[in-house]
Structure formats: C-alpha cells, structure tokens
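As structure tokens, the structure follows; a few thoughts come after it.
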Amino acid sequence: MAASGPALADQRTLTIGIAQFPSSLHPDIDAETVKSYADGFAIRQITAFDKDWKNSCLLCAELPTIENGLARLEELPGGKKGMAVTIKLRPDLKWSDGVPVTARDIRFTWQVGRDPKSGFSNVNPWTRATRVDVIDDRTAVIHLGRITPSYNQWDQILPEHIEGPVYQAATGAGDYLKQTLYNRAPTTAGLYDGPYKIAEYQSGVQIVLEPNPYWPGPAPAFRRIILKHIENTAALQTSVLSGDVNMVAGENIGLTVDQVLELRRRHPDDLTYVFKPSLAFEHLDLQKNNPIFTDVRVRRALLFALDRQALTDKLFQGLQPVAATWVNPLNPYFTKDTAPYPHDLVRARRLLADAGWTPGPDGICRNAAGQRLSFELMTTAGNRLRELEEQILQSQWKAAGVEATIRNEPPRIIFGETLKKRTYSGMILSGWSSAVTESPYLTLSTAQIPTEQNNYGGANFAAFSDPDMDAAIERMESDLDPERQKADWAIAQKIYAEQVPVIPLFFQSEAHIVPKWLKGYEPTGHRDLSSLWAENWHAGG
C-alpha cells in the first residue's frame, strides 16, 4: 500500500473522498446527504443528535425543555394550545466575516423557511412556527402553532446580513433558489458559522475548507480539509490505496460496503475500518403516475418477488438487515407487528395474475391489452454496488415475469433533477437517512410531495398521499405522550406495509475508512452526520 501511512501523510491536510457532489450548498435547499456532509463542517445546526443519539446544543447555550422552563405550553385563540420555545445562542458566535450570529438570523431563517417560494427542502422545522420574537441579540422565542414533541429540534440558520438582500430581491417562485450566494458564490465571507469555512469550490471536482477565524469553539486542527469528488467508486477505492485520499466518508456517499470489506481483507492493518449501523434506508421510489404501479397487488407482488436477504448476504456479508418499512429496529418507535415481506414467488405470481398480468411467450407478463410488465430502473451511475443491486433486482423480478430495464444517471442529475422533480418513469434506487425519532412527514406526507408550486421543495418523491397516513403523522407530531406516539408510529408502519408506496430493501451500515492517525472521529449512524463535530478531529499518534 502506498502513501497513506502517518509518516507520509500531511497531517495538517485531510483529504476525504466522496463519490457524490452536492447540487447545492444551501443548507435548506435540496435534500442530499452529500450536501449535509459538506455543510456540516461549516454550518452548524441549532441542535443535533450526537453519537449517542441524544439531542444536544450546537449553537444554543442550553437545550430547551419543559423541565428547565425554556419551553412551555401557551394558549392560542380558539382554545387551542401551542408552545413557546426560547433559544439562547452561545456567546461569541460569529459568521465567517466576523459579524455576530444573532437572534435576528433565527427570525430571518424562519421568514425564508415559511415562504413556499423559497424552495426549502425541509420546511417543517420553520413552518411549524407562527412567530419569532427577538428578545435580545442572543435570545429568540419561537412560538409554535401546536404542541409537538420535536419542539427542541432546530436546523441551521442563515446570515441575514448576507442572504437578506438576496431574499428581498427574489420576487418570483424559484428566484431565491437561483440567486442565493450559497449557490452563486459559495466562498463569500460570512456564509458560515461553524469551525471551518468553504475557501475553494470547483463544481464537480472538490470543495476545500479552511478554519473559520471567528469560530469561538475548539480550534480546528486542520489547515485544510479537502472533499475530493471521485464519482466512480472503483476509482475511489484505488485512490485510497494510492494515498491520494486519506479517508472516505462513510455516510453512504463514498465507497460501498463490499469495497470496504475487500480493502479490510487485503489491508487489515493499514487503515481503521468502522462499520456503523445506521438509520439510512435503501429503497426504491415508484413513479406514482406509471399505470403499472397504480394497483397495490402489483406493488405487493414486486416485493414478494424479491429475495432481499439473499441480496444482502451476497453483497454485504449480511451486514445490512432487511427492512419491513422505513423504520429501523434501532428506532424506539419500531414495531415488531410489521414483519418484512418474505420471498414468495408463488404468491407474487398469483397477485400479478389477480391484477391481470399473465406470462407471455418470453416469460414476461402482459395484460389484456398486450402491454408488457416492463419499467425503467434507475440509480446513480458509477456507484458499483448500486449497479450490482440493480442487476440482482432485475434478475429476481425476471423470475416472476417482470422486466426491469436499467438506465442510470450521474448523481448530480438524478438527485438534483430527476428524483427531485419526479421525472423518472419507473423506479429509482437510492438511500435516505433520517434523524433520530424523526417522523415521516418529509417523505410520506401529502404536503411534502415535490411540485412546481412548492419549487420541488418536498422529499415525498414517491408522491404518496393517504389521509390515514397524514392523520397519523399529524398526531405523532403533536402529542407529547410517548405511548400515544408509539401507537401512531405503529399505525403508520402498518399503512406503509399494506400500501407499499415505496419498496423497502434494507438498512445500511455506514462503512468508514479512516487513517490510523485521525483521532476524535465519531460516526453517528443517523442524519446528523459526523462532520457536525469536525472541530474534534485531530491528528494523533
């Protein structure tokens, strides 16, 4: 193995390989794991779940709770109840141009986030607020229009002094998305409030981060962190061996699990290998408007036709558990009452026959009109493992008389356009990482279906719309009682399993490759990624 050892590594520069590249750097536009990873070094959330899956303060001085009085119930007109949540910012927080981070930035982010023209992908944290009162520079009171158990979970905030004029000039739908400096000029001083700032940006090539001189926390240890884009995962694997990159991000934006297992087999002592069970969910989004998928019997048949355990055994040595729904068994709201569909070809064929699909001369099913049971299957081009997954899915479906034709696209296109605007015709294979105890509002509620009207800001890419699911989500987001929440989570999982709006495959294990000299690196296994604590990373013996 070449130059990856500590004797040859420049331990003041950390080069991280990523197989995807962000389509945007705005923290609230486009729901992409790779974007969240890159932003995590430079933009802090108000709160985040840590490696122990406990909610904690990043920008706030104290986590608001009912017990400490920073969150309280309040009466609303009409006899309803809401909440008032006090956010006290840490002292001495500054943007990367030296301007203080203030409560006015919280209010500004709320104003942009509740505007449907802004194109925010994760609007829920801000649309639940009806008003934000600025008490002083460090204190804001966020008034919620309902009771919600996620009252102390808050995302990143935006610099009003930089983005305010841009937002004010954006008069039409989509204008802010096009004009934000996070996209047009991401190296602009003042966009970042984390330990690092983005110093260089080459679209599709690399992002270079350097220390934010105004960061008040622990001093960043690295002079530069380089996020190097190597789209082909086989080439990324070679770059690890050559020492061209020091480490590979394990949050499902780097090497595939099988590639990391192979590296560990061949070079067990040269690097540190971390396999972290995660909430990331591998699945297939279905095009709701495709007539083939409108019949729930077909959707169930497609799931019965798959031997997902054989897939994960073959590709991942069994490290990736088969999924029954989007809810991981690690989630406290997981219910054992909803079991994964077993592999059952007989049942799959019977369901297809009941739905009017019978095998033709070539074995592929046809309906009464002669239409073949054929659809397009897509994923990220260059991701070797997902391409292998496609081939296995294609083969297993063929045994049931179903034809899947493969056509892949580069990650930036498939995530930035095709999935976001739902222009795919069949299915898209991808992953989704959720936060701890996060409700499925973003991915399963009717309100989050991406449309032109909301600037494609939602993440319900399958366009699933079910009134019972919406009601269950509404209740789980408005009830502080854990037992009633658990009951509603169980209802939502049952609806998901019965309706099959998405085909669940398995839960991912994050496969991290880290140089032995890197200390303080702690993967989380959920949507609040390791880069949110990058100030703790340092070179050590």
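Couple of notes before you dig in:
- Computed from the C-beta positions of residue 73 and residue 353 and an R0 of 41 Å, the FRET efficiency is 0.15 to the nearest 0.05.
- Selected from 59, 102, 135, residue furthest toward positive end of dipole (the stretch 28-139; charges at beta carbon): 135
- Taking every C-alpha pair closer than 8 Å and separated by at least 6 residues, the mean separation divided by the residue count of the chain gives a relative contact order of 22 percent.
- Computed over the stretch 341-439, the alpha-carbon pair-distance distribution with 5 angstrom bins reads 2, 12, 18, 18, 16, 15, 12, 5, 1, 0, each value a whole percent.
- With all protein chains in place and a 1.4 Å probe, the accessible surface of the chain carries 50 percent carbon and sulfur.
- Here's the list of aspartates and glutamates a cross-link from residue 276 could span, going by alpha-carbon distance under 18 Å and ignoring same-chain residues fewer than 8 apart: 50, 52, 251, 258, 262, 313, 510, 522, 528.
- Approximating the spin labels as points 7 Å out from Cα along Cα→Cβ, the residue 465-to-residue 310 distance works out to 3.8 nm.
- Residue-normalised convex hull volume from the C-alpha trace of the stretch 138-278: 203 Å³ per residue.
- Estimated inter-spin distance, residue 111 and residue 92, nm [label 7 Å along Cα→Cβ]: 3.0 nm
- Three-way shape call for the stretch 390-541 based on the alpha-carbon gyration tensor, with the a/c threshold at 1.5: oblate
- Cross-link table 288/420; 398/421; 94/519; 288/314; 197/420; 51/486, entries beyond 25 Å C-alpha to C-alpha: 398/421; 94/519; 288/314; 197/420
- Residue-normalised accessible area of the chain, given per residue in Å² at a 1.4 Å probe: 38 Å²
- Counted residue by residue at 0.36 nm each, then reduced by the alpha carbon distance between them, the extension gain from residue 399 to residue 80 reaches 109.3 nm.
- Straight Cα distances below 22 angstrom link residue 88 to the lysines 54, with same-chain residues fewer than 8 positions distant left out.
- Scattering profile of the stretch 276-379 at q = 0.15, 0.17, 0.24 Å⁻¹ [log10 I(q)/I(0), Debye over alpha-carbon scatterers]: -0.76, -0.93, -1.39
- Length gained when the stretch residue 486-residue 407 is fully extended (0.36 nm per residue, less Cα-Cα span): 24.5 nm
- Counting only DSSP H runs of at least 4 residues, each contributing -39500 (n - 2.57), and dividing by the residue count of the chain, the helix-based mean residue ellipticity at 222 nm comes to -7000 deg cm²/dmol.
- Here the stretch 517-541 is scanned for amide nitrogen atoms under 14 Å from the site 7 Å beyond the Cα of residue 12 along Cα-to-Cβ, giving 539.
- 16 Å Cα-Cα reach of residue 516 towards aspartates and glutamates, excluding residues that sit fewer than 8 places from it in its own chain: 10, 244, 269, 270
- The accessible area of residue 141, taken with all protein chains in place and a 1.4 Å probe, comes to roughly 20 Å².
The values are calculated or read from the model by the stated rules, or taken from the named source; none is laboratory data. Keep in mind that what you see is a predicted model, and the values were worked out from it rather than measured. Ideal geometry is used to build each Cβ from the backbone, glycine not excepted, and the neighbour counts take in all protein chains shown. To get the accessible areas, we keep the full protein, side chains included, count just its heavy atoms, and leave off ligands, DNA and RNA. Shrake-Rupley method; radii C 1.70, N 1.55, O 1.52, S 1.80 Å.
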